[in-house]
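Written below as structure tokens is the structure these notes are about.
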Amino acid sequence: MIIETKSLRRVYGSTVALNGVDLCIEAGGIIGLLGPNGAGKTTLVEILEGLRMPSSGEVSVLGLDPARQGRALKERIGAQLQSTTIPIDLTPFEVLRLYASFYERSLPVDRVLQIVNLKAKANKLTRTLSGGQKQRLAIGMALIHEPELLIFDEPTSGLDPAARRQLHEILLDLKGQGRTILLTTHYIEEAEKLCDRVVMIRSGEVVADGSPFELVGRAGGKSTIWIDVEGDMDPAPLLVGGAEDQGRQGNHYKFTTADPAATIVALGEVLHTQGVSLTDLRMRRPTLEDVYLELMGDPEEDEGVPA
Amino acid sequence: MTNLRGLGELSRAYLLQARRSKTAIFWALGFPQVWLFAFAFIFGPLTPGGVSYLMPGLFALTTMAGAFFGVSYLMVNERENEVLRRYRLTPVSPVTVVLANGVRSMATVTASLMLQWLLAWLFFDITINGPVLSIILVLLIGALAFVSLGLILGCVAKDMRTAPALANLIFFPMMFLSGAAIPFFLLPPWIQGIARMLPATYLIEALQGVMVRGESLVEVAGPIMVLLVTAVVAAAFNSLVFRWESSEPINFKRLVVAIGGLAVLYLAAALLAPAMRMGESPAQEPASAPVERSRLTQQMAQEEGQVGRSFGQAAHEPGVPARSVAHIDP
């Protein structure tokens, strides 16, 4: 078990940031921590990193207690903080060389520059880097000592789509090398694309935990189907197959269904018996976003709950 | 506790930053020189001994400003920008961070002192009454003491709004009460009593000893001891008050120990240190130190014979009379 927490609580004054979090994470893969701002994601990862103390409960990271065995743990975990804090007036090469010196063993700086795709910027001052390049340097700072566990707090926040995609590729490469990555994000499609496991947090509590497919399946959401035909169609057989008529959207008939396979089969029969021809068929499966929005509910409650 | 490679690399990184930051260069190196010219033009003509007599006070001001404004600001800034918070995720120790800040600050303070000395020599033709090496040694010890104190301020100040306020609160009383801005002999006795409790006073006393009165290092051993003890004790107190993050509360017990410890140190210094020789007006015949006096007169006689150690001899301009301590000779 690479991370284990039991009834983890953290209270700031009268605000509960974490309200009894139990989490077991095994080595390997990308684990996404998903939740709105103020849900407690950052508090949780900062407790794992040893930057904050829990109010109560137990934490173990790589078998060590972050609060008491921080020195040993720091050699083995690499992290990037939500606010990117890169020293000014230095170049990426100098920054990585500095970080390398803090650890007992480290990768060659050139190797890290290559991993995070910053070779071309190695000798430019960090203040001239773009947001995506700075974020990649922050990832490089976390990688320099080949840690067993990587913790990234919203690494793609505020990046444009191209920069975000580039960062995704780096994260997937790292996963391919067998690293374990704990990633917080509030981009749901990012979690869906990258994560082997998603842990959703709301108001300091875990509200869902599983692979993106499991979560979508478990939530039992409905698929939406749009159908366009030449001529008029009587949708009755589709409704027998379990679809619900949602009226028209433009020229398209719109249905929702819990069993899209049965609905499509029923559609074949409609086309055959009613003699109409299909001109368009579109389907949208329920996504992690639907699950997320259903679980997170009223966004006004995201500020944490009173103690 | 400290990883030597980390200390070396962090010091190197800080020095690179210091060299690359134009604002840092302006404030650290440029600004103290404004005082040199201001003091030289305002007080120079009024002071017996001229700019040469003002130099110990100016050096003390430059050291104090570098320590209380430069050193502390850099540390507070790095804490506020969460650069230190990121270092906290690595195995680097607080001792390493404080020492590396000390290295950078020693470099900038020393550089601004040397620049000031050079400018004073070029423009005001100052006369030095002692071996250059002794003066450099006293300057370095003084810088070490004040950098240590400045680092404490850097640990304690909450953010970039409180840091300047605290720095001014320390800097200005020390500037006016220690004899740095106002010649010590002009201060009323009760202020002289307060001055004996300020580290700046000991730096000026030691510098005047080796620069103006032509004393040996042994003769200024008292004030040098106070500065050395300050350097060591204040450096140790840094570990009590060091904070990685602005949001970390200050541990008041430790703060009281640190400030109380320094207060006890300077109270002891005030009670135990010998009388300040800079308390004697250069215009009057000092009653207490006839031995020094005679040696000083000898040296001045030497200087008048053009064999003295006038630091600015090469830059002598024919029309300008060499202003030196010779003026105090009755």
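Here is how the numbers come out for the structure above:
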read-out	value
Close pairs from region A:39-56: first within 14 Å of chain B (Cβ to nearest Cβ) and free of Cβ contacts under 8 Å to residues at least 40 places away in the same chain, partner open to solvent by 10 Å² or more (accessible area, probe 1.4 Å) and assigned to a helix (DSSP H, G or I), Cβ under 9 Å, at least 6 apart	A:GLY50/A:GLY70; A:GLY50/A:LYS74; A:GLY50/B:ARG88; A:LEU51/B:ARG85; A:LEU51/B:ARG88
Residue match in region A:201-215 (condition: open to solvent by 70 Å² or more (accessible area, probe 1.4 Å), in contact (Cβ under 8 Å) with a residue 24 or more places away in the chain and among the hydroxyl-bearing types (Ser, Thr, Tyr))	no
Residue pairs meeting the criteria (Cβ under 6 Å; at least 6 apart or on separate chains; first within 29 Å of A:ARG218 (Cα to Cα) and modelled with pLDDT of 85 or more, in region A:246-274; second open to solvent by less than 20 Å² (accessible area, probe 1.4 Å) and acidic (Asp, Glu))	none
Whichever residue in region B:78-109 is part of a helix (DSSP H, G or I) and in contact with an Asp or Glu (Cβ under 8 Å, 6 or more places away or on another chain) and, among such residues, is nearest to B:LEU10 (Cα to Cα)	B:LEU84
Condition broken by A:ILE25, with the remaining ones in (1) of a type outside the set (Ser, Thr, Tyr); (2) open to solvent by 50 Å² or more (accessible area, probe 1.4 Å); (3) more than 22 Å from B:ASN81 (Cβ to Cβ); (4) more than 10 Å from chain B (Cβ to nearest Cβ) satisfied	(2)
Pairs, first over 21 Å from A:ARG76 (Cβ atoms) in region B:92-106, second surrounded by fewer than 19 Cβ atoms within 10 Å (Cβ to Cβ), C-beta under 7 Å, six or more apart	B:VAL95/B:MET1; B:VAL95/B:THR2; B:VAL95/B:SER239; B:LEU99/B:THR2; B:ARG104/B:LEU15
Which numbered condition A:LEU137 misses (of (1) touching a residue at least 40 places away in the same chain (Cβ under 8 Å); (2) not in a helix (DSSP H, G or I))	(2)
Flag if B:GLY193 is over 18 Å from B:THR62 (Cα atoms), assigned to a loop (DSSP other than H, G, I, E, B) and of a type outside the set (Phe, Trp, Tyr)	no
Answer residue from region B:18-40, given it is part of a helix (DSSP H, G or I) and among the polar types (S, T, N, Q) and is farthest from B:VAL103 (Cα to Cα) among those	B:GLN33
The listed residue being at pLDDT 90 or above and surrounded by fewer than 17 Cβ atoms within 10 Å (Cβ to Cβ), out of B:VAL226, B:VAL241, B:VAL264	B:VAL264
Lone unmet requirement of (1) buried (at least 18 other Cβ atoms within 10 Å of the Cβ); (2) of a type outside the set (D, E, K, R); (3) within 17 Å of B:ILE141 (Cα to Cα); (4) more than 14 Å from every other protein chain (Cβ to nearest Cβ) for B:ASN101	(4)
Flag for B:SER112 being at pLDDT 90 or above, of a type in the set (S, T, N, Q), assigned to a helix (DSSP H, G or I) and farther than 21 Å from B:ALA165 by Cβ	yes
Checking A:SER157 against (1) touching a residue at least 60 places away in the same chain (Cβ under 8 Å); (2) over 13 Å from the mean Cα position of the chain (by Cα), the condition it does not meet	(2)
Positions within region A:67-102 being away from chain B (no Cβ under 11 Å) and open to solvent by less than 30 Å² (accessible area, probe 1.4 Å), in sequence order	A:PRO92
Which listed residue is in the same structural domain as A:ASN123 (by TED's automatic domain parsing), in a strand (DSSP E or B), touching a His at 6+ places or on another chain (Cβ under 9 Å) and within 27 Å of A:GLY210 (Cβ to Cβ), from A:GLY20, A:GLY57, A:GLY78	A:GLY78
All positions within region A:23-52 that are assigned to a helix (DSSP H, G or I) and of a type in the set (Asp, Glu)	A:GLU46, A:GLU49
Residue satisfying all of: in region A:251-277; more than 30 Å from A:ALA191 (Cα to Cα) and open to solvent by 70 Å² or more (accessible area, probe 1.4 Å); farthest from the chain's Cα centre (by Cα) among these	A:THR273
Test for A:PRO92: is it of a type outside the set (Asp, Glu), within 22 Å of B:LEU74 (Cα to Cα) and touching a Lys or Arg at 6+ places or on another chain (Cβ under 9 Å)	yes
Residues of region A:184-236 that turn out to be assigned to a helix (DSSP H, G or I) and under 30 Å from A:VAL16 (Cβ atoms), as a count	12
Test: residue in region A:103-111 that is within 11 Å of chain B (Cβ to nearest Cβ), among the aromatic types (Phe, Trp, Tyr) and in contact (Cβ under 8 Å) with a residue 12 or more places away in the chain	yes
Any hit, region B:47-70, residues being more than 14 Å from chain A (Cβ to nearest Cβ), under 30 Å from A:LEU137 (Cβ atoms) and in contact (Cβ under 8 Å) with a residue 24 or more places away in the chain	yes
Filter result for B:ALA145 (within 22 Å of B:MET64 (Cβ to Cβ), open to solvent by less than 10 Å² (accessible area, probe 1.4 Å) and within 14 Å of chain A (Cβ to nearest Cβ))	no
Residue tally, condition of a type in the set (Ser, Thr, Tyr) and at pLDDT 90 or above, over region B:35-84	2
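Okay, residues lined up against (1) away from chain A (no Cβ under 14 Å); (2) open to solvent by 20 Å² or more (accessible area, probe 1.4 Å); (3) charged (D, E, K, R):
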{"position": "B:LEU10", "(1), (2), (3)": "no, no, no"}
{"position": "B:ARG19", "(1), (2), (3)": "no, yes, yes"}
{"position": "B:LEU29", "(1), (2), (3)": "yes, yes, no"}
{"position": "B:VAL34", "(1), (2), (3)": "yes, yes, no"}
{"position": "B:ALA38", "(1), (2), (3)": "yes, yes, no"}
{"position": "B:ILE42", "(1), (2), (3)": "yes, yes, no"}
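The values are calculated or read from the model by the stated rules, or taken from the named source; none is laboratory data. In this text, all values refer to a predicted model and were calculated from it rather than measured experimentally. Cβ atoms come from the backbone with ideal geometry, glycine included; neighbour counts cover every protein chain shown. All accessible areas refer to the heavy atoms of the entire protein, side chains included, with ligands and DNA or RNA removed. Shrake-Rupley method; radii C 1.70, N 1.55, O 1.52, S 1.80 Å.
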